[in-house]
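Single-structure report; data block below.
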Amino acid sequence: MVGIGPGARNEISQRALDALKNSETVVGYKLYIELVKDIIKTKQIIATAMRKEIERVEMAIQEALTGKTVSIISSGDPGVYGMAGLVLEVIARQNRDLPVEIISGIPAANAAAAVLGAPLMHDYAVISLSDLLTPWETIEKRVRCAAEADYVVVLYNPKSSQRDWQIEKTAHILLQHKRPSTPVGIVKGVSREDELVLITTLDKITACAIDMTTVIIIGNSTTFQFRDYMITRRGYQW
């Protein structure tokens, strides 16, 4: 399982590049295959659409069982909303004796934080707003608990054409426990050609252009903005 980072070529680790170059077959979601297509153009490529994760894993396992070196790619890190867990689940379910290597990548949350400044300097919670695999009641509880505990909150998958109300509901929950003026960083397409970066406040979050490629970072009670930087205090005393 290979993490290709958030999108930019210079943010793919050398270890990940070596793994892709040494693979005979590369499996992945079509969009992620496009991000590395010039690296893997001589390989056998298996690309599928979104929501075909189990199908991709099963095809990759069948390729590996023939003796091939197979890479399944994930954006960011394969262990952060990626394919690593599903691959290991399927292998365990099938009781396969296959050698597995997990190659980490830069998660979108960390790439977005670096663009914004230093918003993750203290404890933070990462929550996906997609309710395709997790009941909304569970997501809502996690958002509320993180807000009550004064965590910096990172939101993945905040909005899509079919899911446009979750971000408004989330903002409403957060505003019950955080100041309206709490700094919020919004990074769309981090490290990609169409990257957009905005620092706003919690009370204005729903007015911003947000989609599935957007990472949102909501500060805690110590987070402040200085010029174009979003900064969360670590707790040092001057």
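The values are calculated or read from the model by the stated rules, or taken from the named source; none is laboratory data. Treat the numbers as computed from the prediction; the structure is a model and nothing was measured. Don't worry about glycine lacking a Cβ; one is built from the backbone with ideal geometry, like all the others, and counts go over all protein chains shown. SASA here: full protein model, heavy atoms, side chains in, ligands and nucleic acids out. Shrake-Rupley method; radii C 1.70, N 1.55, O 1.52, S 1.80 Å.
Angle of helix 136-148 to the longest C-alpha principal axis of the chain, folded into 0 to 90 degrees and rounded to 10: 50°.
Here the calculated FRET efficiency for T48 and A125, from their Cβ-Cβ distance with R0 = 22 Å, stands at 0.10, rounded to the nearest 0.05. Exposed loop sites are taken as GluC sites (Glu not before Pro) in a DSSP loop (any state but H, G, I, E or B) with at most 16 other beta carbon atoms within 10 Å; the longest stretch of the chain without one runs 102-192. Put a dot 7 Å past the Cα of H172, heading toward its Cβ, do the same for Q94, and the two dots end up 4.4 nm apart. A 1.4 Å probe, protein heavy atoms only, puts the accessible area of L198 near 80 Å². From its DSSP helices (H runs of at least four residues, each -39,500 (n - 2.57)), the chain gives a residue-normalised ellipticity at 222 nm of -9000 deg cm²/dmol.
With respect to the chain, whose longest principal axis is taken over its alpha-carbon atoms, helix 53-65 is tilted by about 30°. The chymotrypsin sites (Phe, Trp or Tyr not before Pro) of the range 112-194 that DSSP puts in a loop, and whose beta carbon has at most 14 other beta carbons within 10 Å, are W165. Average accessible surface for the chain: 53 Å² per residue, computed with a 1.4 Å probe over protein heavy atoms with every protein chain in place. Extension gain for T134-S181 works out to 13.9 nm (0.36 nm per residue, less the C-alpha to C-alpha distance). In the assembled protein chains, T69 presents an accessible area of approximately 70 Å² (probe radius 1.4 Å).
How large a share of the accessible area of the chain, in percent, is made up of carbon and sulfur atoms when the probe is 1.4 Å and the other protein chains stay in place?
50
Here the gap between L31 and A8, fully extended at 0.36 nm per residue and compared with their Cα-Cα distance, gives a gain of 6.9 nm.
Out of the range 177-228, which trypsin sites (Lys or Arg not before Pro) are coil in DSSP terms and have no more than 15 other C-beta atoms within 10 Å? The qualifying sites are R192, R227. Checking every one of the trypsin sites (Lys or Arg not before Pro) in the range 128-157 against DSSP loop status and a limit of 10 other Cβ atoms within 10 Å picks out no site at all. If R0 is 30 Å, the Cβ-Cβ spacing of R233 and R15 corresponds to a FRET efficiency of close to 0.30. Rounded to the nearest 10 square angstrom, V90 shows an accessible area of 20 square angstrom against a 1.4 Å probe. Reported to the nearest whole Å, the Cα centre-to-centre distance from the range 1-76 to the range 205-225 is 30.
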